[in-house]
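Right, one structure below, let's go through it.
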Ligand SMILES: [Zn+2]
Ligand SMILES: [Zn+2]
Ligand SMILES: [Zn+2]
């Protein structure tokens, strides 16, 4: 598990993605076992779909990707599964995109910062303790406690022409 490295910029480029999915599922099993919470079949299935790529995915696309037999009668089931995955830090919710993205450092308690490219929609998770400490401290002055990943909007290296 990477500690605070930035995901390779070309995470979406050719690589053996089945390993990413395998790692994510194993991490989820470990996290759930440690916290004595259940990774039910629907939660596992939803996590797998979120991990179908490194790009953010919306709840409706997740529902559409569920095999017919697994498709719950109510989308509520999927929303509840997503709430669980977010709560356990296995998935991050991107409020600005109304979408979800798998976390590759789920076994570590972290808030994380998500760099969201406004042009291509690519999301890169970084986990810089300096940023988190600064935000936590500033928020605490207002009696505010941060409990979700920070979304930082801008342009990725590729879109800004830096790469
Ligand atoms: Zn991958
Ligand atoms: Zn994360
Ligand atoms: Zn971009």
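Read-outs throughout are calculated quantities, based only on the coordinates presented, and are distinct from any laboratory measurement. Computed from a predicted structure; not experimentally measured. Glycine also receives a Cβ, built like all others from the backbone with ideal geometry; neighbour counts cover every protein chain displayed.
Output yes when any residue across the range 105-118 is touching a helix residue (DSSP H, G or I) at 6+ places or on another chain (Cβ under 6 Å), more than 18 Å from residue 54 (Cβ to Cβ) and free of Cβ contacts under 8 Å to residues at least 60 places away in the same chain, and no when none is. Yes; the residues of the range 105-118 include at least one that is touching a helix residue (DSSP H, G or I) at 6+ places or on another chain (Cβ under 6 Å), more than 18 Å from residue 54 (Cβ to Cβ) and free of Cβ contacts under 8 Å to residues at least 60 places away in the same chain. When the test is whether a residue is more than 16 Å from ligand 1 (Cβ to nearest atom) and assigned to a loop (DSSP other than H, G, I, E, B), residue 85 does not pass it.
I'd like to know if the range 92-105 contains one or more residues that are more than 16 Å from ligand 1 (Cβ to nearest atom) and assigned to a helix (DSSP H, G or I). No, because not a single residue in the range 92-105 is more than 16 Å from ligand 1 (Cβ to nearest atom) and assigned to a helix (DSSP H, G or I). If you scan the range 112-143, which residues turn out to be more than 16 Å from ligand 1 (Cβ to nearest atom) and assigned to a loop (DSSP other than H, G, I, E, B)? Answer for the range 112-143, where residues must be more than 16 Å from ligand 1 (Cβ to nearest atom) and assigned to a loop (DSSP other than H, G, I, E, B): 112, 118, 119, 120, 121, 127, 128, 141, 142, 143.
Does residue 62 count as within 28 Å of residue 30 (Cα to Cα), in a strand (DSSP E or B) and touching a helix residue (DSSP H, G or I) at 6+ places or on another chain (Cβ under 9 Å)? For residue 62, the condition - within 28 Å of residue 30 (Cα to Cα), in a strand (DSSP E or B) and touching a helix residue (DSSP H, G or I) at 6+ places or on another chain (Cβ under 9 Å) - is not met. Cβ separations smaller than 7 Å between residues 6+ apart or across chains give the following pairs from the range 141-160 residues that are farther than 16 Å from residue 131 by Cα to residues that are more than 9 Å from ligand 3 (Cβ to nearest atom) and assigned to a loop (DSSP other than H, G, I, E, B): 157/9; 157/163.
Answer yes if at least one residue in the range 81-93 is buried (at least 18 other Cβ atoms within 10 Å of the Cβ), closer than 20 Å to residue 153 by Cα and within 15 Å of ligand 3 (Cβ to nearest atom), and no otherwise. No; the residues of the range 81-93 include none that is buried (at least 18 other Cβ atoms within 10 Å of the Cβ), closer than 20 Å to residue 153 by Cα and within 15 Å of ligand 3 (Cβ to nearest atom).
Residue by residue, here is whether (1) within 16 Å of ligand 2 (Cβ to nearest atom); (2) under 22 Å from residue 37 (Cβ atoms) holds:
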site: 86; (1), (2): yes, yes
site: 89; (1), (2): yes, yes
site: 94; (1), (2): yes, no
site: 108; (1), (2): yes, yes
site: 111; (1), (2): yes, yes
site: 115; (1), (2): yes, no
site: 120; (1), (2): no, no
site: 140; (1), (2): no, no
